[in-house]
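Student: Quick one: the structure is below, and I'll ask about it shortly.
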Amino acid sequence: MSTGDFSGTMPLSDHQRIDQSSLGRWLQEHLPRFDGLSRIEQFRGGQSNPTFLLTAESGAQYVLRKKPGGALLPSAHAVDREFRVISALHGSVVPVARPLCLCTDERVIGTIFYVMEYVSGRNLWDATLPGMAAPERAALYDEMNRAMVALHTLDYVAAGLADYGKPGNYFARQIARWSGQYRSSETERIESMERLLTWLPANVPAAEETALVHGDYRLDNLIFQAHSPRMLAIVDWELSTLGHPLADFSYHVMLWRLPAGEGGGLQGLDLRSLGIPTEPEYIAAYCARTGRPAIEPGVWEFCMAYNLFRIACIQQGIMKRALEGTAASRHAREAGGKARATADFAWQQVEQHLGG
């Protein structure tokens, strides 16, 4: 499947229909200088909160994020939290799209939603960055590293986000939360998940740290300037909270562990010739920028297993919504079907690097 299957926009699918008249009236009342809604298109990418491109009569464009329809897991799809965090971050060292308005009245389009500025730039999906020269790739990876450090070193208290999550005990709380969501969306028994559900809470690292974390920091959630490596916006803040920065960073670095090709990762590639840093080099750059000492191997490998477990839980949730007909993406069933393979890979990492 090509990245074109996930990039760009498409007409609204049948189960993502929006009352254009109702939305248009609300926007005219709440969005300054909005002159009428001409067109709604759905972004192809994403599996969780449906995202839409709105075009006004004037040609101005906006982005709308809403909850999916149907029965939802507790605390999932909190678009109001997304709106809060990008409102706090706009104008800071962390690049985000400008937030515009939040609607909590479900009568308008059936769910709560928010609207933000449309950021015009490059949205990249292939981690190998095909068609670029090695120095261009190196600059983009360095910018990804820099922006993540900006997020993790931000004074979240000064930004008004002191109560955006619970400081401390992050891994234990997250494992419990995702375990509960997995059980709520379980459609079949997966043996490797059963092992992870037991092993992870029994092996949580002792050291505690707290930072503002994105939760889904990956290439396709980043928008870069058209002709430079400068990042314009980090998008999709649904999973953001106060948490352990290494959980967030290791999720991003999983890219180096995943197989190239269909796996979408960097494993097995000649990174030197591509201009892409190796996993140790990328970790060293992060540590140097944050001023932290080298990360203990046992802690790092736990983080890797934890994040693969979390992805498997998300994929299982997608499968549940696909079976119920409420998933946002037309590729949802395929994505949800990967839960077993992801869980198997996670347990392989535990056995390979930590001896089970």
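Here, each number is a calculation from the coordinates, and none is a lab measurement. Just so it is clear, the structure is predicted and the values come from calculations on it, not from any experiment. All Cβ positions, even for glycine, are placed from backbone atoms using ideal geometry, and neighbour counts span all protein chains on display.
Student: Taking the Cα centre of the chain as origin and charging only Cβ (+1 Lys, Arg; -1 Asp, Glu), how large is the dipole, in debye to the nearest 20? Mind showing how you got there, number by number?
Tutor: Working: 34 positive and 39 negative charges, 82 e Å.
Using only the charged Cβ atoms, the result is roughly 400 debye.
Student: Let me ask you something else. What list do you get for Cys313, Cys101 if you sort them by fewest beta carbons within 10 Å?
Tutor: In order of increasing Cβ crowding within 10 Å: Cys101, Cys313.
Student: What does the C-alpha gyration tensor say about the overall shape of the stretch 126-223? Classify as rounded when a/c is under 1.5, otherwise prolate if a/b is larger than b/c, or oblate.
Tutor: Values: a/c = 2.45, a/b = 1.35, b/c = 1.82.
In terms of gyration-tensor shape, oblate.
Student: Might you report the magnitude of the Cβ-based charge dipole of the stretch 177-224 about its Cα centre, with Lys and Arg at +1 and Asp and Glu at -1, to the nearest 20 debye?
Tutor: Working: 5 positive and 8 negative charges, 17 e Å.
The calculated dipole for the stretch 177-224 is roughly 80 debye.
Student: Now for a separate question. Placing +1 at every Lys and Arg Cβ and -1 at every Asp and Glu Cβ, with all other atoms neutral, what dipole size does the stretch 152-196 have around its Cα centre, in debye to the nearest 20?
Tutor: Values: 6 positive and 6 negative charges, 24 e Å.
So the dipole magnitude of the stretch 152-196 works out to roughly 120 debye.
Student: Something else about it: Filter the DSSP H helices in the chain by two things, a Kyte-Doolittle mean of at least -0.5 and an axial alpha-carbon span of 18 angstrom or more, and list the hits by number. Spell out each step's value before the answer.
Tutor: On the way: long enough: 134-152 (27 Å, -0.24); 170-185 (22 Å, -0.99); 297-324 (41 Å, 0.36); 339-354 (22 Å, -0.55).
Membrane-span-like by this criterion, though nothing is claimed about a membrane: 134-152, 297-324.
Student: Along the charge dipole of the chain, Cβ charges K/R +1 and D/E -1, which of Ser22, Val79, Leu161 sits furthest on the positive end?
Tutor: Of the listed residues, the answer is Ser22.
Student: Distance between the C-alpha centers of the stretch 204-229 and the stretch 243-308? Whole Å please.
Tutor: With the stretch 204-229 and the stretch 243-308 each reduced to a Cα centre, they are spaced 12 Å.
Student: Sort Val93, Val350, Val108 by Cβ crowding within 10 Å, fewest neighbours at the top. Each step should come with its number before you reach the end.
Tutor: On the way: Val93 12, Val350 22, Val108 19.
Ascending number of Cβ neighbours within 10 Å: Val93, Val108, Val350.
Student: Sorting Trp26, Trp300 on the 10 Å Cβ count, fewest up front, what's the list? Working shown, then result.
Tutor: Values: Trp26 21, Trp300 18.
Going from sparsest to densest Cβ surroundings: Trp300, Trp26.
Student: Hey, another quick one. Have a look at the DSSP beta bridges in the chain and tell me what percent are antiparallel, nearest 5. Can you show the working numbers first?
Tutor: Values: 29 of 30 bridges.
Bridges in the chain are about 95 percent antiparallel.
Student: Can you show me the helix-derived [θ] at 222 nm for the chain, built from DSSP H runs with n ≥ 4 at -39,500 (n - 2.57) apiece and divided by the number of residues, rounded to the nearest 500.
Tutor: Values: 11 runs with 143 residues, N = 356.
That calculation yields -12500 deg cm²/dmol at 222 nm.
Student: For the stretch 174-256, which trypsin sites (Lys or Arg not before Pro) pass both filters: DSSP loop (anything but H, G, I, E, B) and at most 15 other C-beta atoms within 10 Å? Before the final figure, lay out the partial values.
Tutor: Working: sites: Arg177, Arg183, Arg189, Arg195, Arg218, Arg230; in loops: Arg189, Arg218, Arg230.
When the trypsin sites (Lys or Arg not before Pro) of the stretch 174-256 are filtered for loop state and at most 15 Cβ neighbours within 10 Å, Arg189, Arg230 remain.
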